[in-house]
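Below: the structure, in structure tokens.
The values are calculated or read from the model by the stated rules, or taken from the named source; none is laboratory data. Please read all numbers here as calculations on a predicted model, not as lab measurements. Cβ placement follows ideal geometry from the backbone for every residue including glycine, while neighbour counts extend to all protein chains displayed. Remember, those area values only see protein heavy atoms, side chains included, never the ligands or the DNA or RNA. Shrake-Rupley method; radii C 1.70, N 1.55, O 1.52, S 1.80 Å.
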Amino acid sequence: MAAPIAHGVKQLAVLGAGQMGLGIAFVAALRAKVPVLLHDRSPEQVQKGLALMDKLLAKDVAKGRIQQGDATEARDRVQVVNGVPAFRDADMVIEAVSENLQLKQTIFADLAKELSPSVILATNTSSISVTKIAASAVPPGVAPASAEGQKSAERVVGLHFFNPVPVMKLVELIPALQTSDSTLARARSFAIACGKEVTVSKDVPGFVSNALLMPFINEAIMWLEKGVATREDIDTTLRLGMNHPMGPLQLADFIGLDTCLAIQQTLYAGTGDSKYRPSVLLERMVDAQWYGKKNGKGFYEYD
Ligand code: CAA
């Protein structure tokens, strides 16, 4: 059997310091022991993220999982930077901004403009076409179908982490139509270095994970809407009856109702299949700006 390809990541860059980006920076710095450049357009978000990282490292030390020296080294590996131009020395960038195609396309065009074609560009999207994102990863004036455009797009790959990243053991790997075998092998090897198991999904809407999870969550919301059972009884049934760590409504709050809706809209638009149509209650809750755990109100209330 051929030896696995080394990830070759000596410097990682993470774009977005929300719960996913921060979690990715955490496992890269602590488990893969790779220096991380972290950028978010919101300085408050960066500060919040770093405070969480300090808390998680302190907990790992207190529980005897790592030594204080490991925690200090991991923390020192994370450097906050000012924007994409500061990613110049990175070998891999992982984008973890919100689920918005236009935003991701703008970011990938910018990354392609600023960085050498040898830099792997990974997206943590949970449902958007990685192929569409890859087509935007070309320098200005270059056609995606040209030889130069294909060369630029072949380093784009989907690297889908799960929340909370330090705890969840999986990374879903999604090759775009353009992704080269070497990009895919290096991305896989990097995810393994971060302590994750890897599965591969074709670039279909929602990939394997969310194409299966979202109808389940949506159905639970519809059952609540229909008054079949209370929120507690729906969640407890799945938690205790099926040994799920969280019930579906709790999980929806945990993922973020805005994120759930965005994923469901991508699934429905991408397939036309009515089983993916978001429930009216979910739409209304997002209209009300009830986003779940992250802003204190969803199916449940949070401090
Ligand atoms: N960040 C880091 N660590 C966290 C965390 C966070 N946000 N939340 C909890 N943890 C850690 C806790 O610190 C604790 O660690 P220790 O073992 O070191 O003490 C551990 O997780 C267990 O936490 P708790 O004891 O507080 O609570 P719990 O046993 O109920 O577990 C949970 C919490 C791990 C979140 C668990 O409820 C769970 O696995 N829930 C399901 C999560 C899930 O399905 N995630 C995937 C969502 S889908 C997704 O992310 C992809 C997408 O595209 C939408």
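Note on the chain: with neighbouring protein chains present and a 1.4 Å probe, carbon and sulfur make up 56 percent of its accessible heavy-atom surface. Annotation: lysines with alpha-carbon distance below 24 angstrom to K33 (same-chain offsets under eight excluded): K10, K48, K55, K59, K63, K169, K196. Each label was represented as a point 7 Å from its Cα along the Cα-to-Cβ direction; for V228 and R277 these points are 1.7 nm apart. The largest accessible area among F254, F26 belongs to the first residue in F254, F26, and the rest follow in falling order (1.4 Å probe, all chains).
Dipole check for the stretch 1-145: with +1 at the C-beta of Lys and Arg, -1 at the C-beta of Asp and Glu, and the Cα centre as origin, the magnitude is about 260 Debye.
Which order do M168, M53 take when ranked by solvent-accessible area (1.4 Å probe, heavy atoms of all protein chains), largest first?
M168, M53
Take every Cα pair under 8 Å whose residues are at least 6 apart in sequence, average their separation, divide by the length of the stretch 64-132, and the relative contact order is 37 percent. The modelled label-to-label distance between L101 and E197, using points 7 Å beyond Cα along the C-beta direction, is 3.3 nm.
A simple packing score, the average count of other Cβ atoms within 10 Å per residue, orders the peptides 238-246, 205-213 as 205-213, 238-246, with the highest score first. Across all Cα pairs in the stretch 1-88, the calculated P(r) in 10 Å bins from zero up to the longest distance comes to 18, 47, 26, 8, 1 percent per bin.
For the stretch 83-218, the convex hull drawn through the C-alpha positions has a volume of 109 cubic angstrom per residue. Here the dipole of the stretch 171-233 is about 240 debye; that uses its Cα centre as origin and unit charges on the Cβ of Lys and Arg (positive) and Asp and Glu (negative).
Given +1 at the Cβ of Lys and Arg, -1 at the Cβ of Asp and Glu and no other charges, the dipole of the chain around its Cα centre is 480 debye to the nearest 20.
Please give the per residue accessible area of the chain, computed with a probe of 1.4 Å over protein heavy atoms only, in Å². Per residue, the chain has an accessible area of 48 Å². Under a 5 Å amide H cut-off, with hydrogens placed 1.01 Å from N, T123 pairs with E95, V157, G158, L159 among residues at least 5 apart or on other chains.
Near V14, the amide H atoms lying under 5 Å from its own belong to L37, L38, H39, I94; only residues 5 or more places off or on other chains count, and H is placed 1.01 Å from N.
P(r) tail, the chain: Cα-Cα pairs separated by more than 35 Å, 20% of all pairs. The Cα-based radius of gyration and maximum Cα-Cα distance (Dmax) for the stretch 214-278 are 12.0, 34 Å. Of all lysines in the structure, not one lies under 16 Å Cα to Cα from K226 without also being fewer than 8 positions from it along the same chain.
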